[in-house]
1. Hey, among the residues in the stretch 12-48 that are among the aromatic types (Phe, Trp, Tyr) and farther than 14 Å from residue 82 by Cα, which one's surrounded by the most Cβ atoms within 10 Å (Cβ to Cβ)?
2. What are the residues in the stretch 228-255 that are touching a residue at least 12 places away in the same chain (Cβ under 8 Å) and of a type in the set (Asp, Glu), if any?
3. May I ask you to list the residues in the stretch 268-286 that are under 13 Å from the mean Cα position of the chain (by Cα) and within 17 Å of residue 127 (Cα to Cα)?
4. When both residues are 6+ apart or on different chains and their Cβ atoms are under 6 Å apart, which pairs have a first residue that lies in the stretch 83-101 and is within 23 Å of residue 131 (Cα to Cα), and a second that is open to solvent by 60 Å² or more (accessible area, probe 1.4 Å) and not in a helix (DSSP H, G or I)?
5. Only one of 193, 201 is of a type in the set (A, V, I, L, M), touching a helix residue (DSSP H, G or I) at 6+ places or on another chain (Cβ under 9 Å) and farther than 24 Å from residue 262 by Cβ; which?
6. Looking at the stretch 211-238 only, could you name the residues that are modelled with pLDDT of 95 or more and at positive phi?
7. Pairs only if they're at least six apart or on different chains, beta carbon under 6 angstrom, first in the stretch 274-303 and without any contact (Cβ under 8 Å) to a residue 24 or more places away in the chain, second open to solvent by less than 50 Å² (accessible area, probe 1.4 Å); list them, first residue then second.
8. How about the stretch 53-64: which of its residues are open to solvent by 20 Å² or more (accessible area, probe 1.4 Å) and under 20 Å from residue 246 (Cα atoms)?
Amino acid sequence: MLKRVLVIKHDKIGDFVLMWPALYLLRHALPQASIEMFVSPAVKPFAEVCPYVDHVIVDNGNDEEIGEAITARQYDAILISQSEYRIYKILRHIDVAYKLAPKHNWYQYLYKHRANVQYRKGEPCWRGACLLVEHFLNHFGYSIPALPKQYWDKQAVRDKWQAYYEHSAGEKLIFAHPGTGGSSGALAPKDFAYLLTQINANTKIDCKFVLTFNGDEEALAQIINKDLQANGVKVVMAKPLAGLADFAESLVAADMFIAGSTGPLHIAGLHDVPTVGFYAGRRSAPKIRWQTLTQSHKRLAFTPPIGKKTGRNMALIDFDAAAQEIAQFLDTFYGEPQPLTSDL
C-alpha cells in the first residue's frame with residue numbers, strides 16, 4: 001500500500017490551480033495516503049489550504065536542502081509534473097523506487113518510468129496532469145475516480161465574503177480583474193470599463209462590480225473604477241487581503257468573474273463560479289487550452305481575430321457583442337424563473 005506520494009509542480013499560481021483535478025484523483029484513489037507537493041514560494045499559502053494536499057515542501061532555491069527534505073519524507077512514489085534537468089539532479093540520488101516523469105524534453109530518458117501526458121486536441125491543458133496521475137494509478141492497480149463538478153466547496157463562508165465585498169440584498173457581485181498573467185492579452189482599461197458599463201446597461205440583473213487587483217494592477221483598477229462611477233455604475237474597489245489564500249477563498253463570493261488574467265480566472269473556477277475569459281487569438285486556441293475548471297455551461301470566452309497581426313490586439317474584440325452575450329447569460333442564469341402557463 002502506498003503511504004506517501006510527492007507531486008512536483010513549482011511554477012505559477014494558475015498552473016498550480018490546474019493541478020487540482022489531478023490532485024483530486026490522487027486524494028480519492030488513495031484516501032489513506034499522504035499526498036504532498038513541492039511548490040514555488042508564491043504558491044505555498046495556497047497549496048497549504050488545498051483540500052487534497054497534506055504537506056508542502058517549498059522551493060527555496062537550495063537544491064541540497066530540498067533533496068534532504070524530500071529524503072526525510074520517505075516517499076513511496078514521486079510524480080514529476082514539471083520536469084526539468086534541475087529536478088532530475090535533485091532526485092537522482094534519492095532512494096525512491098518509483099519516479100514518474102512526463103515524456104517531455106531529452107531528460108525524460110533519465111527516468112525509468114515515463115508517461116505520455118499529451119492531451120487530445122480540443123481538451124484543456126489540465127488534462128495533462130490527470131494523464132500523469134492516471135498512468136501512475138494504473139501502474140499500481142488503483143481505480144481512477146470520476147471528477148467532481150466543483151473542486152473547492154467554500155459555500156459555508158460565502159455570506160462572510162459577500163459581506164466583505166459590500167454585498168447588498170438583491171445584488172449580484174460581478175468581479176472584474178484587470179491586467180494579464182502573460183498567457184493572454186490585456187484589455188485596455190477604457191475597453192474594460194466600456195464592457196462593464198454595457199453589461200450593466202443590457203442586463204436586467206442588479207449588478208455591483210468588484211474590481212480586484214494585485215500590485216501594479218491597482219492603477220488599472222482605479223481607472224476603470226473612475227470610469228464606471230462616472231457612468232453611474234455600482235462599483236467597489238476590492239479591499240486588500242492578508243494573502244493569496246484569503247483572496248482565493250474570497251472568490252466564493254462572486255456571482256461571475258471576468259478577466260484576461262488566467263491565474264485569477266482559474267481560482268474562480270475552483271468555486272464553479274461563472275467565468276468570462278478574454279484570451280489572445282492564437283491557432284493554439286488558448287480559450288480551450290486555458291479554460292477554467294468551472295462547468296462548461298458556466299464559461300464564456302472571447303478572443304480577437306486569430307492571426308499574427310490581430311491575435312494579441314484585444315481592442316479588436318467586439319465589446320458590444322460580448323457585453324450583450326454576457327448580459328444575456330446573467331439574465332438567463334440569475335433571472336427570475338418564468339411562471340408555467342397552461343391552455344387548460
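1. From the stretch 12-48, those among the aromatic types (Phe, Trp, Tyr) are 16, 20, 24, 38, 46; that's our starting set.
Those still in the list that are farther than 14 Å from residue 82 by Cα too: 20, 24, 46.
Values: 20: 24, 24: 21, 46: 22.
Result: 20.
2. Narrowing the stretch 228-255 to residues touching a residue at least 12 places away in the same chain (Cβ under 8 Å): 228, 231, 233-239, 243-245, 247-255.
Once the filter is applied, which keeps residues that are touching a residue at least 12 places away in the same chain (Cβ under 8 Å) and of a type in the set (Asp, Glu), the stretch 228-255 yields 249, 255.
3. Of the residues in the stretch 268-286, the ones under 13 Å from the mean Cα position of the chain (by Cα) are 268-277.
Passing the criteria: 269, 270.
4. 83/104; 101/114
5. Details: 193 fails: farther than 24 Å from residue 262 by Cβ.
Answer to the selection: 201.
6. 232 - this is the single residue of the stretch 211-238 that is modelled with pLDDT of 95 or more and at positive phi.
7. 287/279; 287/301; 287/303
8. Residues satisfying the conditions are 54, 55, 56, 58.
The values are calculated or read from the model by the stated rules, or taken from the named source; none is laboratory data. The structure displayed is predicted, hence computed values, not measured ones. Cβ: placed from backbone, ideal geometry, glycine included. Neighbour counts: every protein chain shown. Heads up: the accessible areas ignore ligands, DNA and RNA and are worked out on the full protein's heavy atoms, side chains in. Shrake-Rupley method; radii C 1.70, N 1.55, O 1.52, S 1.80 Å.
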